[in-house]
Amino acid sequence: MYYKSYIDSNKYILYLEFIGLDIDTVKKEIQNKLKEDKRRESVMEVFSNRVYKLLTPNIYIENFIFEEVNAYLFKNYKDSVVFENDIRIDIKTIIATKNSLIDRPNRLKPSELNDGFYDIEEEDNFIIIARFENETLVEQTGKVGGKISCQGIVPVKRVFNPFFDSVSSLIWENNFYTDNPFQIIGFSKIFNTIEAKYVLWLDSELMDFLELKLQNYSFGLSACTEEGETILLYRNWKDNLLGTDIHDNIAKLEGCELLLRKDYFERLKEIVGELYFVTDVIEI
């Protein structure tokens with residue numbers, strides 16, 4: 001049942017379940033076809049790292065599921081079901097995050113962090129308001145495990161995950177809203193896809209209060225004033241790749257962060273009150 005987790009977490013499958021379709025049958029069919037797919041075996045062989053027993057990120061399984069789901073919809077729901085904007089491939093965020101790629105900053109790794117509160121950091125007149133990082137911990141004999149750190153500003157002094165879950169495409173629709181007043185930074189995550197893997201962004205209502213607008217995605221993922229001054233800035237990185245093979249693309253450290261200009265950080269505090277930088281570390 002190895003592929004069950006891929007299928008259950010696939011965004012197309014989740015969307016069809018969300019709109020109320022009974023798709024247990026097609027999920028089982030996809031599971032069986034993946035097991036028997038000879039081409040998948042050869043593709044997985046290419047992307048496998050035998051030393052660390054890890055799989056380089058690739059889109060084969062997502063593409064397989066997408067094709068099977070579309071065939072199922074065409075056969076059973078051709079005239080009644082379409083994928084809405086938030087489920088289509090998010091081209092804008094793909095381009096924006098590619099243009100926001102940087103070398104990893106000098107930050108504490110997840111394995112060096114503990115749950116709790118940390119000082120709010122400043123860099124070149126910007127405040128780091130959120131940071132996410134996934135660290136793979138390995139030995140020479142293979143994978144040991146990993147740690148994930150979720151860090152962000154919250155208006156209450158309590159240790160919890162500071163992010164609300166959302167979909168990156170909603171950023172461009174100014175519809176990236178929280179449903180929890182204690183979580184003002186949104187987090188979009190998606191795996192084994194060509195789309196942006198990790199994205200952090202500020203709640204759209206707060207964007208409106210701060211009178212910020214998105215910049216063109218060719219400038220990266222960022223927001224500015226009417227005069228074009230960059231105020232909110234997303235950055236991401238992949239560092240310390242495992243393996244020496246041309247196909248190996250497994251990062252020991254992969255993360256992103258969100259920065260807000262210092263004067264606008266003060267304006268944000270006027271809106272939501274005192275802010276604390278909370279850290280939540282997850283062992284995997």
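The values are calculated or read from the model by the stated rules, or taken from the named source; none is laboratory data. As the structure is a prediction and not an experimental result, all values here were calculated from the model. Every residue, glycine among them, receives a Cβ derived from its backbone with ideal geometry; neighbour counts consider all protein chains shown. We work out accessible area using only protein heavy atoms, side chains counted, and drop any ligands, DNA or RNA first. Shrake-Rupley method; radii C 1.70, N 1.55, O 1.52, S 1.80 Å.
Peptides 153-165, 216-228, 124-136 ranked from most to least packed give 124-136, 153-165, 216-228, packing being the mean of other C-beta atoms within 10 angstrom over each peptide's residues. Under 17 Å of direct C-alpha separation, and excluding same-chain neighbours fewer than eight residues apart, K238 reaches these aspartates and glutamates: D103, E133, E135, E195, D248, E254, E257.
Here r is the Cβ-Cβ distance between D115 and T25 and R0 is 25 Å; the resulting FRET efficiency, rounded to 0.05, is 0.05. Excluding E122 itself, calculate the net charge of residues whose Cβ lies under 11 Å from the Cβ of E122, where each Lys or Arg counts +1 and each Asp or Glu counts -1. That works out to -2.
K157: which aspartates and glutamates have alpha carbons under 15 Å from its alpha carbon, excluding same-chain residues fewer than 8 sequence positions away? Here the aspartates and glutamates satisfying the reach criterion relative to K157 are D115, D119, E274, D280. Within the shell defined by Cβ-Cβ distances under 12 Å, the residues around E283 carry a net charge of -2, with Lys and Arg each +1 and Asp and Glu each -1.
The stretch between F209 and K262, if pulled fully straight at 0.36 nm per residue, gains 17.5 nm over its current Cα-Cα span. For V156, nonlocal amide neighbours, meaning residues 5 or more places apart or on other chains whose placed amide H falls under 5 Å from its own, are Y276.
Ignoring lysines fewer than eight residues from K75 along the same chain, the ones with Cα atoms less than 27 angstrom from its Cα are K4, K11, K27, K28, K33, K35, K38.
Count Lys and Arg as plus one, Asp and Glu as minus one, and take only other residues whose Cβ is under 11 Å from that of N180; the net charge is then -3. For I184, the accessible area of its heavy atoms, probed at 1.4 Å with every protein chain present, is near 10 square angstrom. A simple packing score, the average count of other Cβ atoms within 10 Å per residue, orders the peptides 193-205, 110-122, 9-21 as 193-205, 9-21, 110-122, with the highest score first. Estimated from the Cβ-Cβ distance and a Förster radius of 22 angstrom, the FRET efficiency linking F160 and N106 is about 0.25. Over the C-alpha trace of the stretch 135-244, radius of gyration and Dmax come out as 16.6, 55 angstrom.
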